[in-house]
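Working notes, structure below.
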2 protein chains.
Amino acid sequence: MRAHEVVLGWVEHEIAEGRILIGQRLPAERTIADQLRVSRTSVREAIRVLEAMGMVRSGVGSGPEAGTLLIADPSAPFTAAMRLHFATSHLPVDDIVQTRTLLESWAVEHADSSSPFLKSAALLLDAMDEPGLETECFLQLDAEFHVALSQAAGNVLISTMMGALRDSIEHYTLDMIGNLPDWSAMAMRLRAEHRQIYDVVLSGDPVEASALVAAHIEGYYREAGFPSYQKSAAELARPRP
Amino acid sequence: MRAHEVVLGWVEHEIAEGRILIGQRLPAERTIADQLRVSRTSVREAIRVLEAMGMVRSGVGSGPEAGTLLIADPSAPFTAAMRLHFATSHLPVDDIVQTRTLLESWAVEHADSSSPFLKSAALLLDAMDEPGLETECFLQLDAEFHVALSQAAGNVLISTMMGALRDSIEHYTLDMIGNLPDWSAMAMRLRAEHRQIYDVVLSGDPVEASALVAAHIEGYYREAGFPSYQKSAAELARPRP
DNA sequence: GGGGATATGTGGTTAGACCACAAACGTGAT
DNA sequence: ATCACGTTTGTGGTCTAACCACATATCCCC
């Protein structure tokens, strides 16, 4: 086992044992190196890996921003990999729409209407009603809302995948709104659809909720000027009407 | 921008420009360091990141196994992150079954029956018929078969997610076969079901294929001794009969 | 008490050296 | 001519030791 893998194993172990909690600092690089009898070089290689996976964040200097912090929620490792992935190879928008539709319509269909994540979703909806909200912020809240909805189904994997998609989707959406003739009208429409979806999920009508979500996603991408996206997303997700 | 990020950017650029192809070697660490005017240490940190994401593989010595090879198909970055993720936090089996069922039944439903991936799938089926095949190898081929099926739908994201799940699933399946009273009987049954699914996909009956896949996955997990898994996977994937 | 110089501790980076390994190359004996 | 064995070459793997930049904490002088 290579030296930096020893370090990775040690960190994983420390986390599993609860000796390092989220938000806490890892020991200094020199300390870890000394403790594990490896060079600081190897410790740094390990930290680069953890950083790439979104598990830690390094900062120089002193004070609360300095040192290497553990910032990983369990779903984080996904995100970084996806980000680099999408930075390298641009995925077909159709694929993204299909996948979003599949995952999200499944999620709302299996959502627990008493899930605390729905309360988060409601707060996000309120935040999106804020007048004079920056477009960028709106899109961020939009993405958050969809992730929160997905979490309500209680499937860690599905939530994780949606969370991974979120950041990547923001990139596309920002590009897309340039194609829109009237963004504020679109924002209004999105707000209304979000409310409708939320209400139906809360009222416990899985089938209707699923259909609404599919239509919502499909409509968004189509109106934002992706003519290549022909087929109905709803149909793709649920081809047997 | 930190030094190792410069290296990462350079590698991404070289890949995007087509100067480094899959299966080819990156320049030697010392060469890259020299060329980019950074230290070899920084080059190594960048390579560790790429390695963690499954994009490259490093080997010492000389010859075809040596050097740093680019092995990334577009879906690779997922895998490593997932692996570390699963190593840290054990996911509920139910979640995995649900996700597999959702992704795979969608994939076969939208499979292109003329896809070259189906030819790969056929070869894998033949390989699984090999008498005296090690259990471990069989499970590997099994996983490969499912990934190949998923690829036939032509959605990069879905294929990617399935590919990411594959390695993780192997871990569980290996544990599971210990619970089986008669592995060779199960293997026989899996072979038969695989053939059946393959035939139906090839014949172009999406609905039937989807149902078969769901039943196949569900049956496997249930028989392998996960009583916690109660609900029908087929029902989960397609709750409106 | 205030304010600026200094000490401390952090990650970021570099240079240079050695090791282990595996293939390719030479050189010798047969 | 051929084979076997040592040598060379080039690769990643590791380590030491030093310096830098940065941000806080501390101290000492005014």
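The values are calculated or read from the model by the stated rules, or taken from the named source; none is laboratory data. These numbers were taken from a predicted model, which means no experiment stands behind them. We place every Cβ from the backbone using ideal geometry, glycine too, and count neighbours over all the protein chains shown.
Applying the criterion of being within 12 Å of DNA strand D (Cβ to nearest atom) and more than 14 Å from chain B (Cβ to nearest Cβ) to the residues of the stretch A:2-34, the residue that is surrounded by the fewest Cβ atoms within 10 Å (Cβ to Cβ) is A:R30. Take A:R48 and tell me if it is within 13 Å of DNA strand C (Cβ to nearest atom), at pLDDT 90 or above and crowded, with 19+ Cβ neighbours inside 10 Å. The answer is yes for A:R48.
Residues in the stretch A:30-69 that are touching a strand residue (DSSP E or B) at 6+ places or on another chain (Cβ under 8 Å) and farther than 21 Å from B:L50 by Cα: A:G59, A:E65, A:A66, A:G67, A:L69. Among the residues of the stretch B:113-151, the ones that are at pLDDT below 90 and under 14 Å from B:S184 (Cα atoms) come to 10 in all. If the condition is being more than 8 Å from DNA strand D (Cβ to nearest atom) and away from chain B (no Cβ under 14 Å), then the stretch A:35-66 contributes A:Q35, A:L36.
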